[in-house]
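Engineer: Here it is: the structure, laid out below.
The values are calculated or read from the model by the stated rules, or taken from the named source; none is laboratory data. No experiment lies behind these values; they were computed from the predicted model shown. Here the Cβ is made from the backbone with ideal geometry for all residues, glycine too, and neighbour counts use every protein chain on show. Note: accessible area is taken over every heavy atom of the protein model, side chains too, but ligands, DNA and RNA are not part of it. Shrake-Rupley method; radii C 1.70, N 1.55, O 1.52, S 1.80 Å.
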Amino acid sequence: MAKLYIVGTPIGNLGDISPRSAETLRAADIIACEDTRHSRPLLDHIGAKGRTIAYHKFNEAECARKIADMVKEGKNVALITDAGMPSVSDPGAEVVALCRKEGLDVESVPGPSAVTTAVALCGIKGAGFVFLGFLPEKQSERRRAVERAAAACLPIVIYAAPHDVKKLAAELGGLLGDRKVYAVREMTKLHETVTESTLLSFDCEERGEIVLVIEGAEEENELLSLAPEEHLARYIEGGMDKKEAVKRVAAERGVPRNEIYKLTL
């Protein structure tokens, strides 16, 4: 029976392709690529001859339907992205959901992932981490995502574009405080680097693929056991500016600032 295969591919070093991933791609009738030109060197490297089609965020809904129909027609389709695992901050989730909904077989062929590779390189300790991928473009949505993540008191992992990584670090510093951050660049490639700094004194070369690994809160905030209005009052009574107190409480509780601001009226 034909299947949709979700295939992990190298995040930089072609030598990281697994034997199973290479075998799956060579056997596939159709290879759905995020960018066919980007994937061609890898496919040539392993001798994959299947027909390639483009499956990316701009045609995801339309192409998901076509891929599901191909599987129904008996074609084995392998889904890959430019690097790493499909559906993890990359296209893929829509076609996987559609195939599952229609009772089609879906199989994962795991491979490298930038998020786990970055966390491993940093040597941070903890019971887990919060992965946010690429943050939303709208500032209000970005803030809400970060504030919710902060409530877990765990390290936070974020994908960042090189051209605005310093601006992003400063914004995160305003939301989270001056936490330690690791900027991990060019993983598995020749110039792989891990730069340790803080969000408000951020240091990182603005080039290549970048993953930010931000340390979690040192310990759980005891004020979270209080009612929100009591939490806010503690900071204000301690001499903190009202505006800063609202910002801090909202971040620590992972709620919108306007919810806390209403408590001051």
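Engineer: With both bridge residues required to lie in the chain, what share of the DSSP beta bridges run antiparallel, to the nearest 5%?
Structural biologist: 50 percent
Engineer: Where the accessible area of the chain is counted over protein heavy atoms with a 1.4 Å probe, how much of it, in %, is carbon and sulfur?
Structural biologist: Carbon with sulfur: 49 percent of the solvent-accessible area.
Engineer: May I pose another question? Name the residues whose placed amide hydrogens come within less than 5 Å of the amide hydrogen of Leu199, ignoring near sequence neighbours (fewer than 5 apart) on the same chain.
Structural biologist: Here Arg179, Val181 satisfy the definition.
Engineer: Further, regarding this structure: Convex hull volume of the Cα atoms in the stretch 83-208, per residue, in Å³?
Structural biologist: Taking only Cα atoms, the stretch 83-208 has a hull volume of 134 Å³ per residue.
Engineer: Another one. Considering only the other residues whose Cβ falls under 10 Å of the Cβ of Thr198, what net charge follows from Lys and Arg at +1 and Asp and Glu at -1?
Structural biologist: Net charge around Thr198: -2.
Engineer: Taking only protein heavy atoms into account and a 1.4 Å probe, give the accessible area per residue of the stretch 141-265 in Å².
Structural biologist: Result: 54 Å² per residue.
Engineer: Quote the relative contact order of the chain in percent (integer), defining contacts as alpha-carbon pairs under 8 Å separated by 6+ residues.
Structural biologist: 18 percent
Engineer: So for the stretch 40-170, taking the charge dipole from beta-carbon charges (+1 Lys/Arg, -1 Asp/Glu), which of Pro162, Ala93, Thr52 sits furthest toward the positive end?
Structural biologist: Selected residue: Pro162.
Engineer: May I pose another question? Using protein chains only and a probe of 1.4 angstrom, how many square angstrom of Lys166 are accessible, to the nearest 10?
Structural biologist: My reading of the accessible area for Lys166 is about 90 Å².
Engineer: Quick one: how many Å² of Leu104 are accessible to a 1.4 Å probe, rounded to 10?
Structural biologist: 20 Å²
Engineer: Evaluate the relative contact order of the stretch 206-265 (contact order divided by residue number), counting alpha-carbon pairs under 8 angstrom at least 6 apart; express in whole percent.
Structural biologist: Once divided by the residue count of the stretch 206-265, the mean separation gives 27 percent.
Engineer: Taking the Cα centre of the stretch 102-171 as origin and charging only Cβ (+1 Lys, Arg; -1 Asp, Glu), how large is the dipole, in debye to the nearest 20?
Structural biologist: 520 debye
Engineer: Now a separate question. Put one equal scatterer on each alpha carbon of the stretch 146-265, apply the Debye formula with no solvent term, and list log10 I(q)/I(0) at q = 0.20, 0.22 1/Å to two decimals.
Structural biologist: -1.03, -1.16
Engineer: So what are the ³J(HN,Hα) numbers for the stretch 207-217, from phi and the Karplus equation (6.51, -1.76, 1.60; θ = phi - 60°), rounded to whole Hz, Gly and Pro as x?
Structural biologist: Karplus-based 3J(HN,Hα) across the stretch 207-217 equals 7, x, 6, 10, 10, 9, 10, 9, 5, x, 4 Hz.
Engineer: Mind putting together the pair-distance distribution for the stretch 98-139? All Cα pairs, 5 Å bins, whole percent per bin, short to long.
Structural biologist: Going out from 0 Å in 5 Å bins, the stretch 98-139 shows 5, 14, 16, 14, 15, 18, 12, 7, 1 percent.
Engineer: Let me ask something additional. Ratio of the chain's C-alpha Rg to 2.2 N^0.38 Å, to two decimals? Don't skip to the end; give the middle numbers.
Structural biologist: Values: Rg = 21.9 Å, N = 265, 2.2 N^0.38 = 18.3 Å.
In units of the 2.2 N^0.38 Å rule of thumb, it is 1.19.
Engineer: What whole-number value in Å² describes the accessible area per residue of the stretch 14-80 for a 1.4 Å probe? Please report the intermediate quantities before stating the final value.
Structural biologist: Numbers: 3540 Å² over 67 residues.
For the stretch 14-80, the solvent-accessible area averages 53 Å² per residue.
Engineer: Remind me, relative contact order of the stretch 133-265 in percent, using alpha carbon pairs under 8 angstrom and six or more residues apart?
Structural biologist: That works out to 30 percent.
Engineer: Tell me, rounded to the nearest percent, the portion of alpha carbon pairs in the stretch 1-145 spaced more than 23 Å apart. Walk me through the numbers on the way to the answer.
Structural biologist: Details: 3995 of 10440 pairs.
Pairs farther apart than 23 Å: 38 percent.
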